[in-house]
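> Dropping the structure in here first, questions after.
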Amino acid sequence: MTLSTTPRGGSRRARRSAVALGAAAAVTAGLALAGPTAQASGPAAAASGTDSGSRERAFAAAAAEYGVPRTVLEAVSYAQTRWDFRPGHSTSGGYGPMHLVDAGLGDRAEAKGLGTAPPAADTAPAADTLGRAATLTGLGEDALRTDETANIRGGAALLADTQRRLGLPGGQDTDAGQWYAAVADASGSTEDDVAAAFADDAYGVISTGAARRTVDGKDVALLPSSVEPQRSQLDRLGLKKKHNTGPVDCPPGLDCEWIPAPYQDLGNGDYGNHDLANRPRAPKITNIVIHNTEASYDTTLKLVTDPTYLAWQYSLRSSDGHIAQHIEAKDVGWHAGNWYVNAHSIGLEHEGFAATGAEWFSEPMYRSSARLVKYLAKRYDIPLDSQHIVGHDQVPGVTPANVAGMHWDPGPYWDWEHYFSLLGAPLQAHRASPRSELVRIVPGFDRNVQPVTSCTTAGVACTPQGTNFVYLHQAPDASAPLVNDIGRKPNGAPSTTSVSDIGARAQAGLVLAVAERRGDWTAVWFNGVKGWFENPSSDPTAIPVRGEYVVPKAGRTSVPVYGRAYPEASAYPAGIPVQALAPLQYTFAAGQRYAVGDLTVPTDYYRATTFSPDTPGDHVDVVGTDRYYQISLGHRFAFVRAADVDVVRVR
């Protein structure tokens with residue numbers, strides 16, 4: 001949703017329908033026209049002039065020095081940070097590839113010029129692993145924050161010390177399975193199932209292996225190996241059993257608590273900050289929306305517990321993946337800026353800022369989020385694909401006037417490819433024949449360093465880093481202008497590289513219909529125009545896939561597209577006003593085609609306008625017989641009436 005730090009006044013409907021809140025709205029309004037219109041194309045090298053193998057050597061040396069199996073050390077680091085390092089910098093609570101936490105000392109670190117401290121004390125776990133590592137190694141805390149070798153030595157020392165303390169066998173050649181309790185302890189959790197989930201994640205990395213180039217340009221690989229984790233060791237840690245209060249709905253292995261969002265009568269017909277319902281019986285739950293907060297975790301909790309503000313189902317903390325649930329899934333949160341989507345979705349807010357997202361979107365948060373989403377998707381029969389597990393930036397405006405103000409979080413630095421792998425639904429799967437008329441965007445996040453501007457200053461280039469999209473050009477040429485999104489720029493101006501400008505971004509996971517191919521370039525239909533992206537067979541940024549697309553029925557010159565799937569007028573009972581179906585400004589003309597995301601879209605309108613759920617004619621789901629399909633119109637999805645189009649299946 002991207003949150004505002006100022007509680008919203010005004011009517012309940014104005015707050016529920018708000019789509020331009022807080023910092024994200026300011027960026028969207030103020031920076032949308034910033035930046036050049038011509039881009040470089042294709043992956044760029046991440047971090048040049050560095051010793052790309054130094055992190056591998058640091059792991060090997062620390063494992064030998066402290067008598068820790070190298071596979072264990074690397075797996076713990078991967079589960080915490082995926083081996084990433086921004087020297088001296090912490091926004092998610094810990095430092096370096098071993099995520100050493102300076103609990104309660106962040107202000108001192110910032111005052112000494114050692115990097116950004118955690119934004120609020122509550123974002124850091126209680127364990128002072130940085131201080132413990134300094135004591136065990138004799139290294140200074142500054143070195144542990146800023147030097148990769150020192151940081152990894154500190155992590156190895158912590159594992160070895162825990163192993164000794166538990167009376168378990170040590171040594172670099174020890175069977176990796178004998179380190180289960182020490183790995184669980186590295187999670188920092190005091191709850192047994194959460195610590196066990198972290199350990200299982202780390203041992204999963206040992207079993208499957210992993211390899212990547214980190215954000216600072218280091219190549220690290222862990223070859224797969226057979227291991228039998230000794231899970232019975234967990235009892236040695238003396239951790240507590242989880243005891244949730246309130247109607248918390250989380251799977252085992254997640255650190256969840258209940259912090260309720262208030263359902264409160266504010267007087268004069270106004271109320272907050274969500275609506276009661278009886279989902280999934282009515283309305284059906286079809287989507288999960290991924291947001292980031294544009295606020296610290298502490299501020300996020302203050303906002304969601306304010307009855308004059310908005311509410312969503314879950315908030316996730318960056319430092320450790322901790323989850324707070326605010327609304328039961330049966331009720332409707334006000335989070336997506338589209339009432340139809342609100343009525344059919346569960347909203348997850350992730351602590352962080354979209355313009356600097358990679359610094360906030362921590363591995364523990366990714367893993368907690370994926371574990372929660374996988375659980376919810378199974379419970380409510382939601383497909384694990386990019387048309388049902390969506391970013392807030394994919395949610396359409398409900399009318400043409402709403403389109404330009406819709407949000408763009410979680411932004412270009414949310415790693416959708418990694419996220420769907422954690423969901424068990426990797427985006428590289430289910431390929432079709434090379435000439436398929438449908439392609440899925442999979443640019444490879446880490447090495448896909450696209451030019452982005454205005455992260456901190458309008459027009460200024462952002463720090464080069466992995467991104468989740470490819471730019472779409474008006475011609476098969478890297479110097480050609482970007483395609484225009486008429487909903488964002490009615491004057492026809494090309495889209496830009498501004499961090500908030502999604503008008504020409506084909507995001508990882510999107511399935512798009514092919515319009516044309518020329519050499520190494522592929523064109524897709526995108527918001528009514530052809531968008532070209534470089535897609536060489538030797539290094540593809542999209543893969544051919546199976547599925548369906550729609551075309552206008554024979555004889556139609558164009559068909560309307562909508563931001564919601566509301567019923568026909570005859571479906572509304574007396575006393576409930578008919579909701580207008582306002583076509584969006586995009587043209588779906590004959591000769592164009594758009595990939596289908598869902599052929600079973602609910603056709604309904606959930607009427608909820610009063611505080612009392614017992615008000616006659618209110619809190620009613622009006623269901624129609626007209627049918628809609630959800631399509632990939634552009635960066636955002638949209639809806640078309642089934643009666644207006646024909647479906648073509650691609651095998």
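The values are calculated or read from the model by the stated rules, or taken from the named source; none is laboratory data. Quick caveat: nothing in here was measured; it's all calculated off a predicted structure. Cβ coordinates were reconstructed from backbone atoms using ideal geometry, including for glycine residues, and neighbour counts include every protein chain displayed. Protein only, heavy atoms only, side chains kept; ligands, DNA and RNA dropped before computing areas. Shrake-Rupley method; radii C 1.70, N 1.55, O 1.52, S 1.80 Å.
> In this structure, is Asp275 open to solvent by less than 10 Å² (accessible area, probe 1.4 Å), in contact (Cβ under 8 Å) with a residue 60 or more places away in the chain and more than 20 Å from the chain's Cα centre (by Cα)?
When the stated conditions are applied, Asp275 passes them.
> While we're looking at this one, here's another question. I'd like the full set of residues that are buried (at least 20 other Cβ atoms within 10 Å of the Cβ) and of a type in the set (S, T, N, Q), limited to the range 587-602.
Gln592
> So Thr496 clears everything in (1) part of a loop (DSSP other than H, G, I, E, B); (2) farther than 21 Å from Gly466 by Cα except one condition, right? Which one?
Failed condition: (2).
> Cβ-Cβ under 6 Å, sequence separation 6+ or interchain: first residue in the range 548-575 and without any contact (Cβ under 8 Å) to a residue 40 or more places away in the chain, partner open to solvent by 40 Å² or more (accessible area, probe 1.4 Å). Which pairs?
Matching pairs, first to second residue: Thr557/Ala590; Ser558/Thr587; Ala569/Val578.
> Can you tell which of Ser207, Ser189 is free of Cβ contacts under 8 Å to residues at least 60 places away in the same chain and among the polar types (S, T, N, Q)?
Ser207
> Tell me, which strands (runs of 3 or more DSSP E) wholly within the range 215-322 include 3 or more residues that are within 30 Å of Glu56 (Cβ to Cβ)?
219-222
> Right, something else. Just to be sure, is Thr299 touching a strand residue (DSSP E or B) at 6+ places or on another chain (Cβ under 7 Å) and at negative phi?
Against the criterion (touching a strand residue (DSSP E or B) at 6+ places or on another chain (Cβ under 7 Å) and at negative phi), Thr299 does not qualify.
> Give me the residue from the range 459-476 that is free of Cβ contacts under 8 Å to residues at least 40 places away in the same chain and in a loop (DSSP other than H, G, I, E, B) and, out of that set, most open to solvent (accessible area, probe 1.4 Å).
Among them, the one singled out is Thr463.
> Also, I was wondering about something else. Of Gly321, Gly333, which residue is of a type in the set (Gly, Ala, Ser) and on the phi > 0 side of the Ramachandran plot?
Going through Gly321, Gly333 in turn, the sole match is Gly321.
> So if I check each of Gly167, Gly155, which one is open to solvent by less than 10 Å² (accessible area, probe 1.4 Å), out of contact with any Phe, Trp or Tyr (no Cβ under 6 Å at 6 or more places or on another chain) and modelled with pLDDT of 95 or more?
Result of the check over Gly167, Gly155: Gly155.
> From the list Asp219, Asp193, which residue is of a type in the set (D, E, K, R) and under 21 Å from Leu254 (Cα atoms)?
Asp193
> When you scan the range 116-135, do you find a residue that is more than 24 Å from Val220 (Cα to Cα), in a loop (DSSP other than H, G, I, E, B) and at pLDDT 85 or above, even just one?
Yes: the range 116-135 contains one or more residues that are more than 24 Å from Val220 (Cα to Cα), in a loop (DSSP other than H, G, I, E, B) and at pLDDT 85 or above.
> Still on this structure, please answer the following. So in the range 575-586, with the set limited to residues that are modelled with pLDDT of 95 or more and of a type outside the set (Phe, Trp, Tyr), which one is most open to solvent (accessible area, probe 1.4 Å)?
Going through the qualifying residues, I end up with Val578.
> Of everything in the range 601-625 that's among the β-branched types (Val, Ile, Thr) and touching a Lys or Arg at 6+ places or on another chain (Cβ under 8 Å), which residue is farthest from Ala565 (Cα to Cα)?
Thr609
> Something else now. For the range 301-324, give me each residue that is surrounded by fewer than 24 Cβ atoms within 10 Å (Cβ to Cβ) and in contact (Cβ under 8 Å) with a residue 60 or more places away in the chain.
If the condition is that a residue be surrounded by fewer than 24 Cβ atoms within 10 Å (Cβ to Cβ) and in contact (Cβ under 8 Å) with a residue 60 or more places away in the chain, then Asp306, Thr308, Tyr309, His322, Ile323, Ala324 are the ones that fit.
> Kindly indicate whether Asn527 is open to solvent by less than 40 Å² (accessible area, probe 1.4 Å), out of contact with any Gly (no Cβ under 7 Å at 6 or more places or on another chain) and under 29 Å from Trp408 (Cβ atoms).
The answer is no for Asn527.
> Residues that are open to solvent by less than 30 Å² (accessible area, probe 1.4 Å), within 30 Å of Thr174 (Cα to Cα) and not hydrophobic (A, V, I, L, M, F, W, C): does the range 234-244 have at least one?
No, every residue in the range 234-244 fails to be open to solvent by less than 30 Å² (accessible area, probe 1.4 Å), within 30 Å of Thr174 (Cα to Cα) and not hydrophobic (A, V, I, L, M, F, W, C).
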